[in-house]
Protein chains: 2
Amino acid sequence: MGSVKSDHVHNHTSSHNINPLDPEEFRRQGHMIIDFLADYYRDVEKYPVLSQVELGYLRKCLPESTPNNPEPIETILQDVQEHIVPGLPHWQSPNFFAYFPCTGSIAGFLGEMLGTGFNVVGFNWIASPAATELETIVVDWLGEMLELPKSFLFSGNGGGVLQGTTCEAVLCTIVAARDQMLNQIGRENLKKLVVYSSDQTHSAIQKAAQIAGIHPKNFKSIKTSKSTSYALSPDSLRAQICEDVEAGLVPLFLCATVGTTATAAIDPPESLCAVAKDYGMWVHVDAAYAEVPFRHFIDGVEGANSFSLNAHKWFLTSLGCCCLWVKDPSALIKSLSTNPEFLRNKALDSKQVVDYKDWQITLSRKFRSLKLWFVLRSYGVANLRSFMRNHVKMANLFEGLVAMDKRFEIVVPTNFAMVCFRILPSALSEKIYKNGKLDIVSEEHANEANRKLLESINMSGCVFMTHAVVEGVFVIRFAVGATLVEERHVITASKVVQEHANVILST
Amino acid sequence: MGSVKSDHVHNHTSSHNINPLDPEEFRRQGHMIIDFLADYYRDVEKYPVLSQVELGYLRKCLPESTPNNPEPIETILQDVQEHIVPGLPHWQSPNFFAYFPCTGSIAGFLGEMLGTGFNVVGFNWIASPAATELETIVVDWLGEMLELPKSFLFSGNGGGVLQGTTCEAVLCTIVAARDQMLNQIGRENLKKLVVYSSDQTHSAIQKAAQIAGIHPKNFKSIKTSKSTSYALSPDSLRAQICEDVEAGLVPLFLCATVGTTATAAIDPPESLCAVAKDYGMWVHVDAAYAEVPFRHFIDGVEGANSFSLNAHKWFLTSLGCCCLWVKDPSALIKSLSTNPEFLRNKALDSKQVVDYKDWQITLSRKFRSLKLWFVLRSYGVANLRSFMRNHVKMANLFEGLVAMDKRFEIVVPTNFAMVCFRILPSALSEKIYKNGKLDIVSEEHANEANRKLLESINMSGCVFMTHAVVEGVFVIRFAVGATLVEERHVITASKVVQEHANVILST
């Protein structure tokens, strides 16, 4: 802290002429960073896809405090290359098959840059007419492209908003549903409200319910099983609701997922909405994979109240672009507006003004629509669809290659572009038999072997996959979706899996 | 929708070879966008700072649906110039004195670009060690630079996190405080919890309380007055708390603001924390202007539980960088983690692992620390401080120029870099006298005249300011802070004000 304190008087007069936004310096440094990133993409395949650094590595490389004097961009970029890049799992690498993809693209990047460059805070129309209006237009474009019911579009008296993540989108809808219900039954009944999802639903939903003040005991995670491929069964939902109503609770909210995190399971919107309707519940459909090639999976979505899709997953916009559509924007606005008097003006009543600050958690908001607009225009509907179909094809290719090897099992039918597989317990039995002992391998041993396999694969740095545990079974998830992925990467990945399995099964 | 549907079969085969992240194409288009933005900054002064477009202008300029086929970047950029730029208030213009500044800089921009380019989803350490570790380092750097008590830093067993906005930061802290309290007094008492702020506090706090399920009646906005320059008085706070405790309510949370939105008023942290301490309340200090040149305004902050600062306001990082520091990270984690079992591991207990998803609303998170790191290193402590001091000097210059004209009143003493002024009612009396009628001008008439003055100034496109209403008085806010602002812009702005006042007062 010494340098921070001691020099500031001295430097006061000498340094007040900096222009942190000098156009020509911006141009010079901007070009440098573009070249840095272009080289990064060119070389990304060569980096170990999972970072090999150890916990706490970075503090050892960096100084203890903010420098008192400016450092040149060249030095900073060198540090990025030396200290930051080795600490990254390379999410944009074609060998990245972990989690869900988070796709970047040139168009998405350019849109993000422009938005950052303009740096407008578009909380309402007047603070940025272009940001507000472009957003209303592109959410309609995308909604139409996904063949959403017109009732979710502005052109059909619904509407959409671009948020950062599903967590925010779901929190907004839970809060809207909560307040709508409490207005009917009285605020003192908050403790009775119940939120439903399946045990495969992303923890974001539970977290959102928790933040919204739903009693932790009233977050009901309904058991799924292999018999429904881990989809939420309408019968199980109804049974749980009946039990809760019996106990004096009030069913509030259901989140149905099209493409769950663990296994890309598909909760059936149509039949789940039918159950929810009987109890006047709000239904949110969270779709990672709602793209038109798979439109039938969201059949029945017209019965839902809200629908969200992370454009940063498969839609090339880079992180921070979750599209939320609602049928009844006023439900959101009633909960999330802090100045309803002000909003009750002629323009709003005529539905001409959208003040997006009242559609989300935060008041400040970035100019997100630019990047989605750039993506939709730069690639066009046809290319975007074929891009996704290609990923599905590659997932099927991988599935085929793994399934040919009889030591492996495809644990659930492959949906979209994710393959869930594992070494079969029987393959381990064979091994144990070979070693002179004949034993029935327990699921626990199989889990342990698959955990070791995954760790060994990931530590190689060649590919990166993650896992899930479903009904106690450890499965390896192979999620195709990186922008740069090609068939050859998928083929190599299947070989890597087999090679590491050879080692695991021979020791 | 016709084109969307009809062509996709046709284009299926012809279009599957796109590479949306081709390095050389990235380079080409990236350089184009840098030049576009460099030219924008060069010319930004020439644009009308407040957009002149009419409501609904954009839908008329754009096609109805997503194009089926790709469009070249040249066409898209031309549309940005023709249709988007005219719909922007130019937040980066040196003539922008509205709201609070949202400062961009070359370094902030470069950091944001790199983060977008790497496109990692750093929800926990393993998903991005570099993103997690750099964040823990730069929040300590910044905290130390602000001379925060060590108890708020990782190096003092507290810690910081970079969120998008103050709304998110405050929501996290309210939820943490709520759950901590309910664990003591039972969840059924949620309806008794009270959140306090002043009537000058940003509506984000009320919104956060609302989202967290605090009963709307239990959000207490305490009246302030000119006698304390609209700062929250500890006595008023105590009186309100006593009344609430008497009524069986439970004081939970206080937000003290250092630099309120309307008039940059300063709630005194030290004496407010003393009151809060008597009732075991959580105190959050929301500081727009906590920079060291004004360090004394946050004296007593060691009594608070949490502290936040929007680095995008005055710290050049561009939108989406709110630093939140807490003394007790475990309070946040207990509320915001959805897998506490998983987290209870050896590494966490030894405080080595920070899983930032448990410090914020969302699970996914951008690599925000890069841009703050770039800013701190590119400019250094000395430059950053003199940058802020210069803005204060310019605000004082403007204040002096306006105050010399006896028709104007500086409504509250100028804090930091914001001047609140208005045409005096007496100046309007003189006018009315001149017209042959002698009348005492009511505050209402004065408000109307000032409203007209502001509208006339803003419609000119030369400068953009906004307003506030305090104790029924309409005041014009002049917030210095745009990165590109120089003395000459401030002098011109004062002339624009006087010229428009001449017109208003002569008609």
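The values are calculated or read from the model by the stated rules, or taken from the named source; none is laboratory data. All of these numbers come straight from a predicted model, not from anything done at the bench. Backbone-built Cβ (ideal geometry, glycine too); neighbour counts: all protein chains shown. We work out accessible area using only protein heavy atoms, side chains counted, and drop any ligands, DNA or RNA first. Shrake-Rupley method; radii C 1.70, N 1.55, O 1.52, S 1.80 Å.
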Taking the range B:16-36 and the residues there that are hydrophobic (A, V, I, L, M, F, W, C) and at pLDDT 95 or above, the one that is surrounded by the fewest Cβ atoms within 10 Å (Cβ to Cβ) would be B:Met32
Qualifying residues in the range B:37-52 (those that are open to solvent by 30 Å² or more (accessible area, probe 1.4 Å) and assigned to a loop (DSSP other than H, G, I, E, B)) - the one nearest to the other protein chains (Cβ to nearest Cβ)
B:Gln52
State which residue is nearest to the other protein chains (Cβ to nearest Cβ) when the search covers only the range A:394-422 and only residues that are without any contact (Cβ under 8 Å) to a residue 40 or more places away in the chain and part of a helix (DSSP H, G or I).
A:Asn396
May I ask you to list the residues in the range A:108-141 that are over 23 Å from B:Cys321 (Cα atoms), crowded, with 24+ Cβ neighbours inside 10 Å and more than 7 Å from chain B (Cβ to nearest Cβ)?
A:Val138, A:Val139, A:Asp140
For B:Glu74, which of the numbered conditions (1) touching a Pro at 6+ places or on another chain (Cβ under 6 Å); (2) open to solvent by 30 Å² or more (accessible area, probe 1.4 Å) fails to hold?
(1)
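Quick check on B:Ser151: is it facing chain A (nearest Cβ under 7 Å) and surrounded by fewer than 24 Cβ atoms within 10 Å (Cβ to Cβ)?
Working: facing chain A (nearest Cβ under 7 Å): no; surrounded by fewer than 24 Cβ atoms within 10 Å (Cβ to Cβ): yes.
Considered against the rule, which asks whether it is facing chain A (nearest Cβ under 7 Å) and surrounded by fewer than 24 Cβ atoms within 10 Å (Cβ to Cβ), B:Ser151 comes out as no.
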Please find, within the range B:202-226, the residue that is nearest to the other protein chains (Cβ to nearest Cβ) out of those that are surrounded by fewer than 19 Cβ atoms within 10 Å (Cβ to Cβ) and out of contact with any strand residue (DSSP E or B) (no Cβ under 7 Å at 6 or more places or on another chain).
B:Ser203
Looking only at the range A:156-179, decide whether some residue is more than 18 Å from A:Val283 (Cα to Cα), free of Cβ contacts under 8 Å to residues at least 40 places away in the same chain and assigned by TED's automatic domain parsing to the domain that holds A:Ser318.
yes
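How many residues does the range A:452-486 hold that are of a type in the set (D, E, K, R) and more than 24 Å from the chain's Cα centre (by Cα)?
Result for the range A:452-486: 1.
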Selection within the range A:288-307 - among the hydrophobic types (A, V, I, L, M, F, W, C) and closer than 16 Å to A:Phe253 by Cα
A:Val301, A:Ala304, A:Phe307
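For residues that are in contact with a helix residue (DSSP H, G or I) (Cβ under 9 Å, 6 or more places away or on another chain) and part of a helix (DSSP H, G or I), scanning just the range A:183-197, find the one that is nearest to A:Ser330 (Cα to Cα). Step through it out loud before you land on a result.
Of the residues in the range A:183-197, the ones in contact with a helix residue (DSSP H, G or I) (Cβ under 9 Å, 6 or more places away or on another chain) are A:183, A:185, A:187-197.
Remaining after also requiring part of a helix (DSSP H, G or I): A:183, A:185, A:187-192.
Working: A:Asn183: 14, A:Ile185: 19, A:Arg187: 19, A:Glu188: 23, A:Asn189: 22, A:Leu190: 21, A:Lys191: 24, A:Lys192: 24 Å.
Per the criteria, the residue is A:Asn183.
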Close pairs (9 angstrom Cβ cut-off, 6 or more residues apart or separate chains): open to solvent by less than 10 Å² (accessible area, probe 1.4 Å) in the range B:464-487, part of a strand (DSSP E or B) and of a type in the set (Ser, Thr, Tyr) anywhere
B:Ile476/B:Thr466; B:Arg477/B:Thr466; B:Ala479/B:Thr466
What are the residues in the range B:258-295 that are of a type in the set (S, T, N, Q) and either within 24 Å of B:Leu376 (Cβ to Cβ) or surrounded by 24 or more Cβ atoms within 10 Å (Cβ to Cβ) (or both), if any?
B:Thr260, B:Thr263
The residue that is most open to solvent (accessible area, probe 1.4 Å), considering only those in the range B:174-201 that are more than 20 Å from A:His215 (Cα to Cα) and not small (Gly, Ala, Ser), is B:Asp199
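Hand me the list of helices (runs of 4 or more DSSP H) wholly inside the range B:55-147 holding 3 or more residues that are touching a Gly at 6+ places or on another chain (Cβ under 9 Å) and outside the structural domain of B:Phe26 (by TED's automatic domain parsing).
Working: elements: B:73-79, B:106-118, B:129-145.
Those helices (runs of 4 or more DSSP H) span B:106-118, B:129-145.
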